[in-house]
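Laboratory data are not the source of any read-out in this text; all were calculated from the coordinates shown. Just so it is clear, the structure is predicted and the values come from calculations on it, not from any experiment. Cβ placement follows ideal geometry from the backbone for every residue including glycine, while neighbour counts extend to all protein chains displayed.
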Amino acid sequence: MGDEQQLGTEMTNSADINEGERVNVSQGLLGNIPVSISVELGRTKLKIGELMALNQGSVVALDSLAGEPLDLRVNDTLVAKGEIVLIDQHYGIKLTQIVPSADRV
């Protein structure tokens, strides 16, 4: 296999994998690992006093403009952008752009 190692159902001791080697992990192994997915509409910064003054009915302005794509984050890493859709009575996101792997740092 050259400088690639295949991981199946058994895990390999990390000492067996040299730095810089590429490791292939089966999709079956990864398929059961949970991740957190969130959709971000926008962000803002508030002073603590402003935060403490918020109450029901308060409006907080965000940095994004109406119509801008939403950010789809997996474990807090931006992986895609998209637009909001309605599926029955639930919100969803239609992906319009996938962030290249090199930009996911």
Response to the item:
With 0.36 nm assigned to each residue of separation and the Cα-Cα distance removed, Val23 to Glu50 gains 4.8 nm
Practice prompt. Could you list the GluC sites (Glu not before Pro) in segment 17-105 that lie in coil according to DSSP, counting only those with at most 16 other Cβ atoms within 10 Å of their Cβ?
Written response: Glu19, Glu21
Worksheet item: Rg (Å, one decimal) plus Dmax (Å, integer) for the alpha carbons of segment 35-105?
Response: 14.8, 42
